[in-house]
Amino acid sequence: MEKKIDVVALGELLIDMTNNGVSATGNTLFEANPGGAPCNVLAMLKKFNHSVAFIGKVGDDIFGNKLKATIEEVGINTEGLVIDKEARTTLAFVETFPDGDRDFSFYRNPGADMMLTKDEVKVDLIKQAKLFHFGTLSMTHEKVREATLLALEEAKKAGCVITFDPNLREPLWNSLDEAKEQILAGMKYCDYLKISDNEIQWLTGIEDYTEAVHKLRETYKIPLITVSMGKEGSRAFYYGTNDDKEIIVDVAPFLSDKTIETTGAGDTFCGTVIHYILETGIDNFDEAKLKEMLTFANGAASLITRVKGALKVMPEIADVKELIGQ
């Protein structure tokens with residue numbers, strides 16, 4: 001089938017209820033921001049003018065209808081979005097601390113995103129894609145896990161590049177052992193792994209990021225791995241599909257006193273890396289291209305931390321270039 005779509009992503013689409021000050025009577029105010037990691041990634045890819053599509057489920061309610069309208073507004077194809085008349089759209093209440101870090105409380109028992117079934121996966125969309133992206137919030141429960149695994153098998157058969165962001169959210173799992181099992185299952189499929197510093201330390205039990213990546217690669221021969229290291233920047237480990245080399249590149253972050261919150265920073269970073277994969281090809285990276293990629297991804301991630309929300313406010317490419325130029 002002709003590859004008409006650059007990226008198809010499967011996973012959660014939800015509302016991030018982000019604290020936004022207090023009312024006159026002293027009560028916490030929450031702002032309803034459209035969110036969900038896979039669609040945040042797609043929204044960033046749209047800034048690079050890529051064609052993108054989403055597979056997932058929302059409720060037939062105020063929030064679900066708002067989310068559908070929002071992702072259509074930013075240019076994400078919604079053919080694969082299912083509207084569930086029974087389940088409610090998932091809500092994630094996000095508390096932001098003074099240093100920009102966050103804590104989550106999920107209203108998802110059940111939430112529509114975890115009710116997607118394998119029969120509802122629009123396989124034709126995947127067959128038309130150059131690249132398929134997923135995370136693990138669609139692997140926390142049996143039915144949506146079956147849907148995700150079906151999509152991964154179809155993506156593999158269709159020759160898609162497969163990218164994976166575990167995006168661990170501990171409260172959504174029955175146990176961390178189950179989370180680890182499913183994350184490792186996802187690694188069997190991926191060509192690019194985006195993982196954070198605390199995730200890879202937890203997953204491997206190794207504090208040093210380079211040692212931790214080497215440990216993962218003893219089992220999973222992933223061509224490209226990036227580790228986002230917060231205020232230390234990011235690191236890329238590149239091997240290519242022939243597995244005949246190792247290139248490690250570190251790039252410093254663009255720290256700013258304008259940072260409000262870190263919601264969407266990892267997704268912005270991930271979307272930028274996926275753009276470079278599409279443009280360069282998973283077999284064609286060298287040290288210079290990896291450094292360029294991480295610099296741009298760090299810059300984009302820095303800009304998203306300076307605004308509230310993510311999906312609707314992804315940074316413009318010109319603004320990222322200006323930041324890097326400075």
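Values as computed for the structure displayed
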{"quantity": "Within the chain, longest stretch free of exposed GluC sites (Glu not before Pro) [DSSP loop, at most 12 other beta carbons within 10 Å]", "calculated": "87-206"}
{"quantity": "All lysines inside 26 Å of Lys291 as judged from Cα atoms, apart from same-chain residues fewer than 8 positions distant", "calculated": "Lys46, Lys47, Lys130, Lys194, Lys215, Lys221, Lys231, Lys245, Lys258, Lys321"}
{"quantity": "Gyration tensor (alpha-carbon) shape descriptor, segment 121-227, a/c threshold 1.5", "calculated": "oblate"}
{"quantity": "Ratio Rg/Rh, restricted to the chain and using Cα atoms, in which Rh is the Kirkwood radius", "calculated": "0.94"}
{"quantity": "Kirkwood-Stokes translational diffusion coefficient of segment 50-187, alpha-carbon pairs, 37 °C, 0.692 mPa s, µm²/s", "calculated": "207 µm²/s"}
{"quantity": "Spatially proximal lysines relative to Lys66 (Cα-Cα < 18 Å; intrachain offsets below 8 disregarded)", "calculated": "Lys57, Lys85, Lys308, Lys312"}
{"quantity": "Ranking of Ile282, Ile76 by count of other Cβ atoms within 10 Å, fewest first", "calculated": "Ile282, Ile76"}
{"quantity": "Distant-in-sequence amide H partners of Lys57 (H built 1.01 Å from N, under 5 Å)", "calculated": "Leu13, Val82"}
{"quantity": "Relative contact order, percent, segment 144-241 [alpha-carbon distance under 8 Å, six or more residues apart]", "calculated": "22 percent"}
{"quantity": "Calculated FRET efficiency for the pair Glu153/Ile83, C-beta based, R₀ 30 Å, to 0.05", "calculated": "0.75"}
{"quantity": "Residues Cys270, Cys190 arranged by fewest to most Cβ contacts within 10 Å", "calculated": "Cys190, Cys270"}
{"quantity": "Length gained when the stretch Asn198-Ala318 is fully extended (0.36 nm per residue, less Cα-Cα span)", "calculated": "40.1 nm"}
{"quantity": "Local net charge near Pro171, Cβ-Cβ under 11 Å (Lys/Arg +1, Asp/Glu -1)", "calculated": "0"}
{"quantity": "Residue-averaged [θ]222 nm for the chain, counting only DSSP H segments that reach four residues, each worth -39500 (n - 2.57)", "calculated": "-11000 deg cm²/dmol"}
{"quantity": "The chain - percent relative contact order, Cα under 8 Å, separation 6 or more", "calculated": "17 percent"}
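Every number here is computed from the coordinates shown, using simple stated rules; none is lab data. Values in this document were obtained by computation on a predicted structure and should not be read as measured data. So basically every Cβ, Gly included, is an ideal-geometry build from the backbone, and we count neighbours across all protein chains shown.
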